[in-house]
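Input: a single structure, listed below in structure tokens.
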Amino acid sequence: MFAVVVTFTLSDGTEADFLPLVESNARLSLDQEPGCHRFDVCTDPGRPGEVFLYELYTDEAAFAEHLKSNHFLEFDAAASAYVTGKDVRTFTRVVS
């Protein structure tokens, strides 16, 4: 399993515009990408302007396919108007 966590920092007052875009991207990823198993969009009322994503893919190749999908490319282009910072971290499950 390949995990991706993303933290977006948004321009002041743009969360209401950004959230529908990222929620649509999450829904389409789950519906259209067989390698996408989980895609959670999370916020914390104590940290306005911050959006956290938790995504699980079969493997790194499935995530690479996600990054080439039309819905991701459209989301990424539209979201750039609202995002002032983005931290992306990836993790591979350790199997003992």
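The values are calculated or read from the model by the stated rules, or taken from the named source; none is laboratory data. If you're wondering where the values come from, they're calculated on a predicted model, not measured in any experiment. Positions of Cβ are backbone-derived with ideal geometry, glycine not excepted, and every protein chain shown enters the neighbour counts. Accessible surface areas use protein heavy atoms only, side chains included; no ligands, DNA or RNA. Shrake-Rupley method; radii C 1.70, N 1.55, O 1.52, S 1.80 Å.
Can Val88 be described as at negative phi, in a strand (DSSP E or B) and at pLDDT 95 or above? Judged against the criteria, Val88 is a match. Here is a check on your reading of the model: is Ala26 closer than 20 Å to Asp87 by Cα, without any contact (Cβ under 8 Å) to a residue 24 or more places away in the chain and not hydroxyl-bearing (Ser, Thr, Tyr)? Considered against the rule, which asks whether it is closer than 20 Å to Asp87 by Cα, without any contact (Cβ under 8 Å) to a residue 24 or more places away in the chain and not hydroxyl-bearing (Ser, Thr, Tyr), Ala26 comes out as no. Got at least one residue in region 65-84 being out of contact with any strand residue (DSSP E or B) (no Cβ under 7 Å at 6 or more places or on another chain), exposed (fewer than 14 other Cβ atoms within 10 Å of the Cβ) and among the acidic types (Asp, Glu)? The answer is no; no qualifying residue exists. Can you name every residue in region 45-60 that is open to solvent by less than 60 Å² (accessible area, probe 1.4 Å), closer than 14 Å to Asp12 by Cα and not small (Gly, Ala, Ser)? Residues satisfying the conditions are Glu50, Val51.
With respect to (1) farther than 19 Å from Phe2 by Cβ; (2) assigned to a helix (DSSP H, G or I), the lone exception for Ala61 is condition (1). Could you tell me whether any residue of region 26-44 is of a type in the set (Gly, Ala, Ser), loosely packed, with under 13 Cβ neighbours inside 10 Å and at pLDDT 95 or above? No, that holds for no residue. The set of residues in region 17-72 being among the polar types (S, T, N, Q) and touching a His at 6+ places or on another chain (Cβ under 9 Å) consists of Ser24, Asn25, Ser29, Gln32, Thr58. In this structure, Glu74 does not satisfy being charged (D, E, K, R), in contact with a Gly (Cβ under 8 Å, 6 or more places away or on another chain) and not in a strand (DSSP E or B). Scanning region 38-55 for residues that are touching an Asp or Glu at 6+ places or on another chain (Cβ under 9 Å) and of a type in the set (A, V, I, L, M, F, W, C) gives Phe39, Val41, Val51, Phe52, Leu53.
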